[in-house]
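Accompanying notes for the structure given below.
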Amino acid sequence: MNQFQIEHTALTALKTAFASLGVEVSHFNRSSDAHGTRIEFRFVDNSEAGKQLATLDYNRKATMVGMPPDTLGHQFVFKKRIYTIRGINPAASRFNVDGERDDGKIFRFPADQVAVSLQAAAAVQLNKGR
């Protein structure tokens, strides 16, 4: 079994196990070196309390990196691709916003770049309303 088959099998098993608890599991990151493969997963509590807690945590972190609060789940454009904001890592020195591409892959972006893209999208929406 190769590393991709192992990754797929592990993700499938985790999704099945946690689905009964109302927790979503998605692939986050994979890296390999001479010692083996490291697979990271993202767990999301889809209960109402979990969503509220995640939003409060995101808003707190957003202000720490200069992002507007209440933008979790908003979309932004980078190189003609649409990404959805999934989280913030204020400890990262530069690439501290997690954006999910339409194929489910997570990428990291600088907060200032995402904030500019969000402002541009808001301006387009404002002009459409006229």
Quick one: is Thr71 polar (S, T, N, Q) and surrounded by 18 or more Cβ atoms within 10 Å (Cβ to Cβ)?
-> yes
Does at least one position in the stretch 27-35 carry a residue that is surrounded by 15 or more Cβ atoms within 10 Å (Cβ to Cβ) and at pLDDT below 90?
-> yes
Under 9 Å by Cβ, and 6 or more places apart or on different chains, what pairs join a residue from the stretch 1-22 that is within 19 Å of Gly50 (Cβ to Cβ) with one that is of a type in the set (Gly, Ala, Ser) and in a helix (DSSP H, G or I)?
-> Gly22/Gly50
With a cut-off of at least 2 residues that are at pLDDT 90 or above and among the aromatic types (Phe, Trp, Tyr), name the strands (runs of 3 or more DSSP E) lying wholly within the stretch 42-130.
-> 75-78, 106-110
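The values are calculated or read from the model by the stated rules, or taken from the named source; none is laboratory data. Values in this document were obtained by computation on a predicted structure and should not be read as measured data. Counting neighbours? That spans all protein chains shown, and the Cβs are built from the backbone with ideal geometry, glycine included.
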